[in-house]
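Before anything else, here's the structure in question.
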Amino acid sequence: MQSTIIITPELHDEIERLAAMPSQAVTLRALYEVARAGDDDATLRYAQFLHREMPIRLAVKVRQLEQIPDGMANNRSIQTVRNWYVQSFREFQQHPLPTDAATEASFTRMIAAITDRHKNQVAVMARGIRAYMEQTGQHVASDQLQAFLDSFLLSRIGIRVLLGHHVALHQEREGWYGIIGAQTSPREVAEEAAANAGAICRRTYGDPPPVRILGRTNLRFKYIPEHLHLMLFELLKNSFRAVLQNHGKVATKLPPIDIVIAGGAEDVSIKIDDQGGGMCRRTTDKIMRYGFTTAESVEFDDGRLEHDVLAGLGYGLPLCRLYARYFGGDLQIVSLDGYGTDAFLHLSRLGNLHETVL
Ligand SMILES: Nc1ncnc2c1ncn2[C@@H]1O[C@H](COP(=O)(O)OP(=O)(O)O)[C@@H](O)[C@H]1O
Ligand SMILES: [Mg+2]
């Protein structure tokens, strides 16, 4: 259980003061350079950057949660999440500036613990928001709530990238530079995402349709493999479900899902093309709304994540688009009602774009 967090007037003022300070956006290339330097000095400087930057970003999160629209600030789940942020903020503030190997090591341990504290946060928030929406009879997020979640969850991605990178700088892995895979292969990541989504599919619906990977299957680029995996995993879960719902009972052979990998000088684009029956435009208008789902709603608790189920939270597509946008990419869904859906994932391969802030 969590302890109650008392926000004293001093702590409140401190949060307000830091939330008003300018935050420093990073580029994928800058993160890569820190890791490529590969020496203790660079890691220590990065730790010092985090020591300055994190209290600002965490203070912004606390303030955002206090300003959550539709009177949800008093919602229990939202308060739980806010308390986590206050606690993480305080821990950063109380930790001495890392200046040597010992303080840097304890700083890294603190970061790992903080990352762990927040790991189920999206599910906890989604649950609180869904309870609220059920009470008020809303089916999709209001414009204000949608804008809030986009900006809140995008800055969460940024925080987790910065923290995850620091922890990963201490792990020796061939071809990895912190959390960046210097030679990320969309084909390999797609194969892994298809295997993971397939396992969930089998538990829920039955055998998944075959997946074909076409185009530039040997392409490699600098990216965060975890992000690419998350996006392809969400898109494939959706396609699997659509194909099985559309053909499952009648077809002896399911139509394949085609993943096409393309790469130019600037962009890497991946198309996921299914014949799952598509959706009408009235539905496509809503699919980027948090909480919109045509699946049976899932029951989930604090410890259980969306990843256990094929669908039902209605966060897959909007989150996927946020991960794409975070480093300057985007996601588009084009559907042919009665036939199938194409998802176009565009990613910037140059790595010199700053984090997107909403
Ligand atoms: N490939 C697809 N084919 C048909 N419908 C889709 C596809 N992808 C998404 N959808 C529709 O969009 C909705 C929202 O998707 P998502 O945000 O991933 O949430 P969830 O999967 O939890 O329902 C789905 O419930 C479904 O109705
Ligand atoms: Mg989904």
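Of these, E134, E234, which one is out of contact with any strand residue (DSSP E or B) (no Cβ under 8 Å at 6 or more places or on another chain), touching a residue at least 60 places away in the same chain (Cβ under 8 Å) and among the acidic types (D, E)?
E234
Checking I333 against (1) modelled with pLDDT of 90 or more; (2) more than 14 Å from the chain's Cα centre (by Cα); (3) surrounded by fewer than 18 Cβ atoms within 10 Å (Cβ to Cβ), only one condition comes out false. Which one?
It is condition (3) that I333 fails.
Inside the stretch 250-292, can you point out the residues that are within 16 Å of ligand 2 (Cβ to nearest atom), open to solvent by 40 Å² or more (accessible area, probe 1.4 Å) and closer than 30 Å to N352 by Cα?
Of everything in the stretch 250-292, just one residue is within 16 Å of ligand 2 (Cβ to nearest atom), open to solvent by 40 Å² or more (accessible area, probe 1.4 Å) and closer than 30 Å to N352 by Cα, namely R289.
While we're here: Determine if the stretch 304-322 includes at least one residue that is outside any strand (DSSP E or B), at pLDDT 85 or above, more than 8 Å from ligand 1 (Cβ to nearest atom) and open to solvent by less than 20 Å² (accessible area, probe 1.4 Å).
yes
Same structure, new question: Looking at (1) open to solvent by 60 Å² or more (accessible area, probe 1.4 Å); (2) in contact with a Leu (Cβ under 7 Å, 6 or more places away or on another chain); (3) of a type outside the set (S, T, N, Q); (4) within 16 Å of ligand 1 (Cβ to nearest atom), which one does K222 not meet, given that it meets all the others?
For K222, the failing item is (4).
So L149 fits all but one of (1) in contact with a Ser or Thr (Cβ under 6 Å, 6 or more places away or on another chain); (2) open to solvent by less than 10 Å² (accessible area, probe 1.4 Å); what number is the exception?
The number of the failed condition is (1).
Does H166 count as at pLDDT 95 or above, in a helix (DSSP H, G or I) and open to solvent by less than 10 Å² (accessible area, probe 1.4 Å)?
Spelling it out, H166 is indeed at pLDDT 95 or above, in a helix (DSSP H, G or I) and open to solvent by less than 10 Å² (accessible area, probe 1.4 Å).
Still on this model: Any idea which residue in the stretch 235-249 is farthest from ligand 2 (Cβ to nearest atom), counting only those that are open to solvent by 10 Å² or more (accessible area, probe 1.4 Å) and assigned to a helix (DSSP H, G or I)?
Looking at residues that are open to solvent by 10 Å² or more (accessible area, probe 1.4 Å) and assigned to a helix (DSSP H, G or I), I get H247.
While we're on this one: Any idea which of (1) at positive phi; (2) at pLDDT 95 or above is the one A20 doesn't satisfy?
(1)
The values are calculated or read from the model by the stated rules, or taken from the named source; none is laboratory data. These numbers were taken from a predicted model, which means no experiment stands behind them. Counting neighbours? That spans all protein chains shown, and the Cβs are built from the backbone with ideal geometry, glycine included. Ligands, DNA and RNA are excluded from the accessible area calculation, which covers all protein heavy atoms including side chains. Shrake-Rupley method; radii C 1.70, N 1.55, O 1.52, S 1.80 Å.
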